[in-house]
Structures are given as structure tokens and as C-alpha cells.
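Participant: Structure in C-alpha cells, see below.
The values are calculated or read from the model by the stated rules, or taken from the named source; none is laboratory data. What you see is a predicted model; the values in this text were computed from it and never measured. Cβ: placed from backbone, ideal geometry, glycine included. Neighbour counts: every protein chain shown. These area figures cover heavy atoms from the full protein model, side chains too; ligands, DNA and RNA do not enter into them. Shrake-Rupley method; radii C 1.70, N 1.55, O 1.52, S 1.80 Å.
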Amino acid sequence: MGEAVFDFKVNMFDLRKLYLEEPQKHDELSAFHWFTKAICLEYESLELTERPDFIIDSDQRRIGIEITLAERNCSSSKYSSQQIEAEQTKFSDSLLQSINSKIPLDVGLVFEDGKEVDINQTNGVRDALANRINEISANMTPHSVELIVRSEGDMCRSKHRKHVFPGLPNFLQHIQLFNDGHEESVVTGARGGFLDSFTEADISSILEKKHRSLIGYQKCDEQWLVIVSGSVPPLFVEHDSRPNVLLASIATSFAGVDAKLPLKSNFEKVYFFNSPIHATLLT
């Protein structure tokens, strides 16, 4: 990837220019921006590189900043949390494309925490599930909620009307259909889970990998590592219309930091950035 160097005060116009020129760096650039806001870091120039991700000039120092994600460990699955959520998003997108309901609906998917998507199962059940949603929509009254469940015993305390669909994919607890005056159908996703703390062992695992790659970084006065947790807001909204698939994510979420600080590192500074507003200096 080519480097983009700007030797002037970086403002939001400049960031938008970088954002448009380097689409593969969108996530990292968004995380970098909100991190600098969280610690009130001002800089005069910004350079996009590979090792580290960014180099800035700030207060007569040349600082390299590496962005990496904290990630929850799914011990019950051979897949990472991010891989699981990415496959669930793919299923949600394809389900929305298959739905042709009589009225616009909010199709609320309630996910099982850490349960991976079985592609063989979803490929066979998606169209049947979409057809069932279409059938249910034909008789829904205004401002109503109806449920799609795996068996009659599911959601036994709910007062909403239930529809049994035995082939409901295993990564879904149930589905809630909302008829609430939407202009077009959307798919939303909710998930729950117990959030562990980000421990010294979690930090050490990341540092071990990053210390090895630090050898190949461009020379700077200081090297910083930013470990990003939580959902990072987009830096810019790319489309005028809202997205039709909105899924909650906890793949990189933690309850907080549980480690004896300060930690030792080959980086001059290591931050745990609980996006978008809290940054904890670990070193």
C-alpha cells in the first residue's frame, strides 16, 4: 500500500481525504481518530503506514501508533468471536434479501452468545425461514410483536403470539417480528453474554506478538500500542440512507481492565482504549 504524507495541521477535511483514499484503513483510521479524542492528543501531521499503522508529529516528537483489537475468547468454539459475528452478519444480510413480507418489518434476531454459524444448516433453512416470515406478516396487526421459536415450550412467559419453526438455526434463540410502521424491512440483532475483564494474560498474549513485529517498524521517537475494545463509531457516514442490517457486537467488549499496573513493554506507551471515550494507560 502506498503511503500518504501530510505536513500540515490535520483537520476533519484532511481525515476525510485520507478516509476516501485508503478504504482498507477505514476501521483503523476511525479507531485512531476516536483514540486521539479520548486522550486529547493533538498532532501536526499524519502518515499512514503499515508498520506501525500511523506516524504522527506531535509536540516535536515523531510517534508511531499501532492499532490492534482486543478480542473475547470463545472457549466453546473453534472460531473467534469476530469470525462468529461476521458469519452471523452474512446470514442476516442474505435473510433480508430473501424476505418479501406483506408489510415492512423489523426482523429481530436474538443470537446465542459464542455459537458459530453452521453454513450447511443455514443454506437449507434461509429461504424456508424467509417464506415463514412472509406468511406471518400477512396477518400482523399494527404495532404488534410476534415470535418465531424452535418449539412450543420456548418463550413460555411471553404474551406475544408464537410461531413454531423447528428448523431455526442453532445460533439463534428466537426471532421477534415487529410491525411498527417501518418504511422498509430491516434486520436487527441482539445478543447477550457475560463480559470478562481484560486480564494481564490477555495483554501479555497481544504484547508477545506485537513485540516480535516491533523490530520491523519505521524509526520513531516513541512507539505506542493502542488495544481497542468495544464498538468503534465510523469516522464518516458513507451513505445518506441508514443501513438495513443493524447487529449488536460484543466480540471485542470487556468489563474493564484487571491487571497490576503499570506493565512493562517494549512500546513506550500501551493503551487499553474502551471505545469511544475511555483510554487507560497500561505502561
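Participant: Could you go through the stretch 264-272 and let me know if any residue there is within 16 Å of the chain's Cα centre (by Cα) and among the β-branched types (Val, Ile, Thr).
Facilitator: no
Participant: Being polar (S, T, N, Q) and surrounded by fewer than 13 Cβ atoms within 10 Å (Cβ to Cβ) is the filter here, so list the residues in the stretch 182-199 that pass it.
Facilitator: 197
Participant: Sticking with this structure for a sec: Listed residues 10, 5; which is surrounded by 18 or more Cβ atoms within 10 Å (Cβ to Cβ) and modelled with pLDDT under 80?
Facilitator: When all the criteria are applied, what remains is 10.
Participant: So, one more: For the stretch 77-113, give me the residue count where each residue is surrounded by 20 or more Cβ atoms within 10 Å (Cβ to Cβ) and touching a Cys at 6+ places or on another chain (Cβ under 9 Å).
Facilitator: Number satisfying all stated conditions: 2.
Participant: Restricting to the stretch 107-130, what's the tally of residues that are assigned to a helix (DSSP H, G or I) and touching a helix residue (DSSP H, G or I) at 6+ places or on another chain (Cβ under 8 Å)?
Facilitator: 6
Participant: A further question on this structure: Within the stretch 64-75, work out how many residues are over 20 Å from the mean Cα position of the chain (by Cα) and either open to solvent by 60 Å² or more (accessible area, probe 1.4 Å) or of a type outside the set (Gly, Ala, Ser) (or both).
Facilitator: Summing the residues that are over 20 Å from the mean Cα position of the chain (by Cα) and either open to solvent by 60 Å² or more (accessible area, probe 1.4 Å) or of a type outside the set (Gly, Ala, Ser) (or both) in the stretch 64-75 gives 1.
Participant: Among residues belonging to the stretch 14-46 that are free of Cβ contacts under 8 Å to residues at least 12 places away in the same chain and not basic (Lys, Arg), point out the one that is surrounded by the fewest Cβ atoms within 10 Å (Cβ to Cβ).
Facilitator: Once the filter is applied, the top-ranked residue is 40.
Participant: Hey, could you check the stretch 149-182 for residues that are within 21 Å of residue 90 (Cβ to Cβ) and over 26 Å from the mean Cα position of the chain (by Cα) and say which is modelled with the highest pLDDT?
Facilitator: 165
Participant: Mind checking whether some residue in the stretch 38-58 is closer than 30 Å to residue 268 by Cβ and among the aromatic types (Phe, Trp, Tyr)?
Facilitator: Checking the stretch 38-58: at least one residue is closer than 30 Å to residue 268 by Cβ and among the aromatic types (Phe, Trp, Tyr).
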